[in-house]
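Values in this text are rule-based calculations from the coordinates and carry no lab data. Owing to the predicted nature of the structure, the values given are computational and were not obtained by experimental measurement. Positions of Cβ are backbone-derived with ideal geometry, glycine not excepted, and every protein chain shown enters the neighbour counts.
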Amino acid sequence: MTKKKALITGITGQDGSYLAEILLDKGYEVHGIKRRASSFNTDRIDRLYQDPHVDNRNLILHYGDLSDSSNLTGILQEVQPDEVYNLAAQSHVAVSFELPEYTADVDALGALRLLEAIRLLGLEKTTRFYQASTSELYGLVQETPQTETTPFHPRSPYAVAKMYAYWITVNYREAYGMYACNGILFNHESPRRGETFVTRKITRGLANIYEGLDDCLYLGNLDAKRDWGHAKDYVEMQWLMLQQDNPEDYVIATGKQYSVRDFIECALEELGLGIKWQGKGLDEIGVLESVPKNCKRKVGDVIIRIDARYFRPAEVETLLGDASKAKKQLGWSPKITFKELVCEMVRSDLEHARRDTLLINTGFDVVTTQE
Ligand code: NDP
Ligand code: GDR
């Protein structure tokens with residue numbers, strides 16, 4: 001039997017790495033697009049690496065970029081994939097205010113370039129397409145919880161670009177009969193989450209503080225509320241959406257909401273640290289109230305401060321998803337709880353911090369940075 005072929009854009013990112021793993025487990029031949037960079041950018045998938053000199057590889061990487069249509073067309077022509085997962089994006093909401101045009105090019109037109117390449121190559125009846133859509137589309141929310149029918153009101157260049165990608169996916173489905181779907185995914189995290197998203201910034205920052213590698217964590221809006229799930233649970237859904245009789249769009253969420261502050265408190269609990277919040281607004285601080293024996297910090301240390309630079313020109317204050325349609329039609333429900341997610345991320349970052357401490361203690365130079 002011939003193997004199914006999948007092409008993943010954004011394979012080097014958080015979701016791409018988990019999706020590649022599950023597709024390889026399912027027996028797919030997985031092709032991924034990686035960007036040319038001046039240093040290695042494949043750490044999340046290095047464990048899956050297969051030597052290009054070996055025959056019958058199941059994981060094949062191609063250099064590419066969503067801003068280059070000739071490159072994308074060439075890869076699609078060569079691979080002739082059964083399924084395309086478009087996960088590549090400039091995915092940082094705050095950064096999109098600084099790079100609005102680039103974000104539009106990659107996140108909006110990138111999806112169009114792929115769809116158009118599929119169509120021009122005559123693959124529109126054979127290649128299925130998944131678009132990584134986002135709860136950021138809801139932005140200034142019109143109803144709670146958000147479902148597939150909740151109106152959109154994007155609040156950032158990122159979300160506006162993703163709104164184009166959402167609609168162009170729907171349009172190619174309607175216009176050309178393509179099997180093309182949007183997964184409207186709410187925030188999902190893991191130990192592989194990029195270090196500048198708030199969850200990973202918190203778990204990594206607090207682990208470094210615990211180990212004495214850093215003094216203080218600087219954050220923005222602690223009262224923003226999100227519906228946080230685990231990336232592993234969510235990539236299974238991305239695959240399921242392409243295995244149905246008919247292409248449809250689905251919300252993927254846990255249906256539970258926590259604030260950034262709740263996330264911090266859960267992470268502190270896992271570390272055995274107690275803090276008290278003092279002050280208000282930009283002057284709010286988190287002061288250590290209790291520390292376990294092996295922690296390198298002491299009671300009274302200020303370990304959290306607010307920095308205005310982390311506030312966005314337009315904020316998404318609250319998101320909460322209703323994934324009833326996915327539960328009913330696809331039989332999906334998330335398995336990993338909020339607490340399990342936070343604990344897994346904290347434990348993983350504590351391990352990294354301990355490795356760095358070991359290196360420092362044996363004379364190596366280790367620099368920890370925050371952004
Ligand atoms: P990441 O930021 O971890 O990964 C993004 C991927 O896109 C990386 O592989 C990156 O490459 C690649 N990429 C960026 N720009 C380009 C480009 N110009 N051409 C080709 N590849 C590019 O994101 P996630 O894995 O967290 O998210 C996956 C997708 O899902 C994204 O589209 C994101 O917007 C969307 N999404 C994510 C959610 C989440 O909570 N994680 C929720 C809803 C939607 P490199 O490694 O070289 O930087
Ligand atoms: P988000 O994720 O914008 O929801 O987009 P992020 O983790 O960046 O922010 C979540 C909330 O936390 C607040 N916040 C901070 N955020 C960051 N990054 N850094 C801080 O220091 C900080 N302090 C407070 C933010 O203001 C925000 O309210 C993610 C991305 O993965 C998108 O690609 C995806 O589409 C959405 O999730 C769903």
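Among rounded, prolate and oblate, which fits region 1-128 when a ≥ b ≥ c are the square roots of the eigenvalues of its C-alpha gyration tensor, a/c under 1.5 means rounded, and a/b larger than b/c means prolate?
oblate
What residue among Ala231, Ala323, Ala308 has the largest mean-square fluctuation in a Gaussian network model of the chain, using Cα springs under 10 Å?
It is Ala308.
Springs between alpha-carbon atoms under 10 Å, Gaussian network over the chain: tell me which of Arg355, Arg261, Arg226 tops the mean-square fluctuations.
Most flexible of the set in this elastic network: Arg355.
Can you bin region 255-344 into rounded, prolate or oblate? Criterion: square roots of the alpha carbon gyration tensor eigenvalues sorted a ≥ b ≥ c, rounded for a/c under 1.5, prolate for a/b above b/c, oblate for the rest.
oblate
For region 5-185, what is the charge dipole size about the Cα centre, in debye to the nearest 20, if Lys and Arg each add +1 at the Cβ and Asp and Glu each add -1 at the Cβ?
120 debye
For the chain, what is the convex hull volume of its Cα atoms per residue in Å³?
149 Å³
Over the residues of region 56-162, compute the C-alpha Rg and express it relative to 2.2 N^0.38 Å.
Region 56-162 yields a ratio of 1.21.
With the crude spin-label approximation of a point 7 Å out along Cα→Cβ, what separation in nm comes out for Asn361 versus Leu24?
Modelled inter-label distance: 3.3 nm.
Treating only the Cβ of Lys, Arg, Asp and Glu as charged (+1, +1, -1, -1), what charge dipole size does the chain show about its Cα centre? Round to the nearest 20 debye.
On the way: 44 positive and 54 negative charges, 91 e Å.
Taking the Cα centre of the chain as origin, the dipole is about 440 debye.
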